[in-house]
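Down below is the structure, laid out as structure tokens.
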Amino acid sequence: QVELVESGGGLVQAGDSLRLSCAVSARTFSTYTMGWFRQVPGKEREFVAMIRSYPGSTDYADSVKGRFTISRDNAKNTLYLQMNSLRPEDTAAYYCAQYHSGTYYYAASYERWGQGTQVTVSS
């Protein structure tokens, strides 16, 4: 059973940085394409970023491009999301997910999810 566990969320001020981590309990982590999504109450889960298994290319939502960086450490089975220049509108629960098939931007294309970590950005 593959498990995804996020950590690193918290309460910060606008302009601050945070790094989220997602520990994945799978020896085959290096073969997974992975993504980060976020969700606020009453809204659908929103695509943030994704990273392919090989060659590790990335893609971002326009709202975070230039501020967030997705990366992975295959030796540690861990996915990261470095978030800089945080804004109040970045406040959400952040989820990591394992891609399955379909369009990368859609949550339905991912088959496994972590429990989420809350990020709150005050103005």
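The values are calculated or read from the model by the stated rules, or taken from the named source; none is laboratory data. In this text the structure is predicted, and so the values were computed from the model without any measurement. Backbone-built Cβ (ideal geometry, glycine too); neighbour counts: all protein chains shown. Surface accessibility is based on the protein's heavy atoms, side chains included, excluding ligands, DNA and RNA. Shrake-Rupley method; radii C 1.70, N 1.55, O 1.52, S 1.80 Å.
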> Does the range 35-45 include one or more residues that are farther than 21 Å from S123 by Cα, open to solvent by less than 10 Å² (accessible area, probe 1.4 Å) and modelled with pLDDT under 95?
Replying inline: no
> What number of residues within the range 33-50 are in a strand (DSSP E or B) and not small (G, A, S)?
Replying inline: 9
>> Suppose we filter the range 43-59 for residues that are among the aliphatic types (A, V, I, L, M) and either touching a residue at least 40 places away in the same chain (Cβ under 8 Å) or farther than 15 Å from L81 by Cβ (or both); how many remain?
In response: 2
> Can you tell me which residue in the range 93-123 is nearest to Y80 (Cα to Cα), limited to those that are surrounded by 14 or more Cβ atoms within 10 Å (Cβ to Cβ) and of a type in the set (A, V, I, L, M)?
Replying inline: A97
>> Looking at S30, S53 in this structure, which one is open to solvent by 20 Å² or more (accessible area, probe 1.4 Å), touching a strand residue (DSSP E or B) at 6+ places or on another chain (Cβ under 9 Å), assigned to a loop (DSSP other than H, G, I, E, B) and not basic (K, R)?
In response: S53
> Among the numbered criteria (1) in contact with a Gly (Cβ under 8 Å, 6 or more places away or on another chain); (2) among the polar types (S, T, N, Q); (3) in a loop (DSSP other than H, G, I, E, B), which single criterion is violated by S21?
Replying inline: (3)
> Which of the residues that make up the range 56-70 are in a loop (DSSP other than H, G, I, E, B) and either at positive phi or among the aliphatic types (A, V, I, L, M) (or both)?
Replying inline: G56, A61, V64, G66
>> Here's a check for you: in the range 67-92, which residue that is open to solvent by 30 Å² or more (accessible area, probe 1.4 Å) and within 17 Å of E44 (Cβ to Cβ) is nearest to the chain's Cα centre (by Cα)?
In response: T91
> If you take the residues of the range 8-27 that are surrounded by 15 or more Cβ atoms within 10 Å (Cβ to Cβ) and farther than 23 Å from D62 by Cβ, which of them is modelled with the lowest pLDDT?
Replying inline: A26
